[in-house]
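Quick one: the structure is below, and I'll ask about it shortly.
The values are calculated or read from the model by the stated rules, or taken from the named source; none is laboratory data. None of the values given here were measured: they were computed from a predicted structure. Backbone-built Cβ (ideal geometry, glycine too); neighbour counts: all protein chains shown.
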Amino acid sequence: MSQASIPSHTVIDEALSQRIRTARHIVFFTGAGVSAESGIPTFRDAQTGLWAQFDASELATPEAFQADPALVWGWYEWRRMKVLQAQPNPAHFAIARLTQRFPHATVITQNVDDLHERAGHSNILHLHGSLHQPRCFTCGVGYSFDNEIPVEPDYGRRVEPPRCARCDGLIRPGVVWFGESLPAQTLQQAFDAAAQCDVLFSIGTSGVVYPAAQMPHIARDANAAIVHINPQPVSGIYSDDWMLIGAAGDLLPKLEREVFF
Ligand code: BV8
Ligand code: ZN
């Protein structure tokens, strides 16, 4: 098995259908692309408005927050508004239905939205945290948003972060920033699922951020079938992988029909 730019499987063939039908443990590993059809910008999408001058990975750091808390908090409040206004799309619903068909199924997401949960699947492994669980930057105590959807202009603005009731520290987003460690137990559960699964779907991710991007490699090393779903060919895939070119919202319901109906 070797890295290849031209994968040998590019359609849902009988070999893949058989691997899926006989699987005992399936893993769905998702990135921002699975939420794209819900209207949530991906990390690759250019930033807009006030944040157009920044790459997302420059804003998603503790240093950026400490340097300009209102700029970073405003960005996350705008993103939280987009998520609260969004609905799960057919990809989220197909994943939730498909997980019911296997003795063991694990959803590992890099996303910080709650669209997988709202599509009806619980105990999602959030490797990079959640927009909905802010906490104090200083003492770590949790903070609860009110039930209002923030009203943030698409051109962006600075928003002063709230203060901690306990220590008056700044409230920060409940996400994992670049340079921060992932939640150890969640990461270990994800590694274990990848190492034990029979099929791993890697859906809507550019696969450049580590250690999350290790998941397909761990599964492949354990002889799982690896299925990439992306409108663009994904770099760094292997000749035995399946590369299904298309939108997750189209391909996952199609795969469900072709394999199970
Ligand atoms: C860490 C939360 C230890 C915040 C995010 C090697 C080992 C360990 C660490 C490193 C390493 N090498 C480098 C590092 C450091 C760094 C890293 O990986 N850097 C990269 C840039 C090289 N990693 C870290 O810092 C991690 N921490 O390792 O801790 C440590 C501690 C101290 C010092 C060193 C190490 C923490 C990383 C977590 C960062 N937080 N998110 C927030 O959301 O604001 S990452 C963020 O970007 C996402 O969560 C995601 O993980 C990542 C990439 O985004 P994707 O989900 O892939 O989305 P993207 O936009 O890139 O791509 C979308 C894809 O969808 C595209 O392919 C597109 O074609 C496709 N698509 C579009 N439409 C559709 C579609 N697909 C299907 N259907 C569609 N309709
Ligand atoms: Zn505090």
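One line per residue, one yes/no per condition, for (1) within 16 Å of ligand 1 (Cβ to nearest atom); (2) of a type in the set (Phe, Trp, Tyr):
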| residue | (1), (2) |
| --- | --- |
| 177 | yes, yes |
| 189 | no, no |
| 215 | yes, no |
| 235 | yes, no |
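With the requirement that a residue be of a type in the set (A, V, I, L, M, F, W, C) and either modelled with pLDDT under 95 or closer than 15 Å to residue 123 by Cα (or both), what does region 172-195 give you?
Residues of region 172-195 that are of a type in the set (A, V, I, L, M, F, W, C), as a first pass: 175-178, 182, 184, 187, 190-191, 193-195.
Result: 187, 190, 193.
OK, next. Could you tell me which residue of region 28-51 is farthest from residue 204 (Cα to Cα), considering only residues that are touching a residue at least 40 places away in the same chain (Cβ under 8 Å), over 13 Å from the mean Cα position of the chain (by Cα) and more than 10 Å from ligand 1 (Cβ to nearest atom)?
Only one residue tops the list, namely 50.
Condition check ((1) over 14 Å from the mean Cα position of the chain (by Cα); (2) of a type in the set (A, V, I, L, M, F, W, C); (3) under 24 Å from residue 101 (Cα atoms)) across all residues:
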| position | (1), (2), (3) |
| --- | --- |
| 172 | yes, no, no |
| 196 | yes, no, yes |
| 200 | yes, yes, yes |
| 215 | no, yes, yes |
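Return the only residue of 49, 74 being over 29 Å from residue 257 (Cβ atoms) and either crowded, with 21+ Cβ neighbours inside 10 Å or aromatic (Phe, Trp, Tyr) (or both). Break it down stepwise before answering.
Values: 49 fails: either crowded, with 21+ Cβ neighbours inside 10 Å or aromatic (Phe, Trp, Tyr) (or both).
Only one candidate qualifies: 74.
Out of all the residues in region 101-129, which are of a type in the set (Ser, Thr, Tyr) and within 10 Å of the chain's Cα centre (by Cα)? Spell out how you get there, then give the answer.
Within region 101-129, the subset of a type in the set (Ser, Thr, Tyr) is 106, 109, 122.
Passing the criteria: only 109.
While we're here: Here are 200, 187: which of them is outside the structural domain of residue 60 (by TED's automatic domain parsing), more than 16 Å from ligand 2 (Cβ to nearest atom) and assigned to a strand (DSSP E or B)? Break it down stepwise before answering.
On the way: 187 fails: assigned to a strand (DSSP E or B).
Testing whether each residue is outside the structural domain of residue 60 (by TED's automatic domain parsing), more than 16 Å from ligand 2 (Cβ to nearest atom) and assigned to a strand (DSSP E or B) leaves just 200.
Can you find a residue in region 11-19 that is touching a Pro at 6+ places or on another chain (Cβ under 6 Å), in the same structural domain as residue 217 (by TED's automatic domain parsing) and part of a helix (DSSP H, G or I)?
no
May I ask you to list the residues in region 150-164 that are loosely packed, with under 12 Cβ neighbours inside 10 Å and either without any contact (Cβ under 8 Å) to a residue 24 or more places away in the chain or of a type in the set (A, V, I, L, M) (or both)?
Filtering region 150-164 for residues loosely packed, with under 12 Cβ neighbours inside 10 Å gives 151, 153-155, 160.
Matches in region 150-164: 151 only.
Within region 183-201, which residues are under 16 Å from residue 140 (Cβ atoms) and in contact (Cβ under 8 Å) with a residue 12 or more places away in the chain?
Within region 183-201, 183 is the sole residue that qualifies.
Are any residues in region 108-141 within 13 Å of ligand 1 (Cβ to nearest atom) and either without any contact (Cβ under 8 Å) to a residue 24 or more places away in the chain or of a type in the set (A, V, I, L, M) (or both), and if so, which ones?
108, 112, 115, 125, 127, 131
Just one of 51, 73 is among the aromatic types (Phe, Trp, Tyr), under 15 Å from residue 158 (Cβ atoms) and touching a Lys or Arg at 6+ places or on another chain (Cβ under 9 Å); which is it? Can you show your working first?
Values: 51 fails: touching a Lys or Arg at 6+ places or on another chain (Cβ under 9 Å).
So the residue among 51, 73 that is among the aromatic types (Phe, Trp, Tyr), under 15 Å from residue 158 (Cβ atoms) and touching a Lys or Arg at 6+ places or on another chain (Cβ under 9 Å) is 73.
Please enumerate the residues belonging to region 149-169 that are within 14 Å of ligand 2 (Cβ to nearest atom) and within 28 Å of residue 46 (Cα to Cα). Walk me through it before giving the result.
From region 149-169, those within 14 Å of ligand 2 (Cβ to nearest atom) are 161-169; that's our starting set.
Of everything in region 149-169, those that are within 14 Å of ligand 2 (Cβ to nearest atom) and within 28 Å of residue 46 (Cα to Cα) turn out to be 161, 162.
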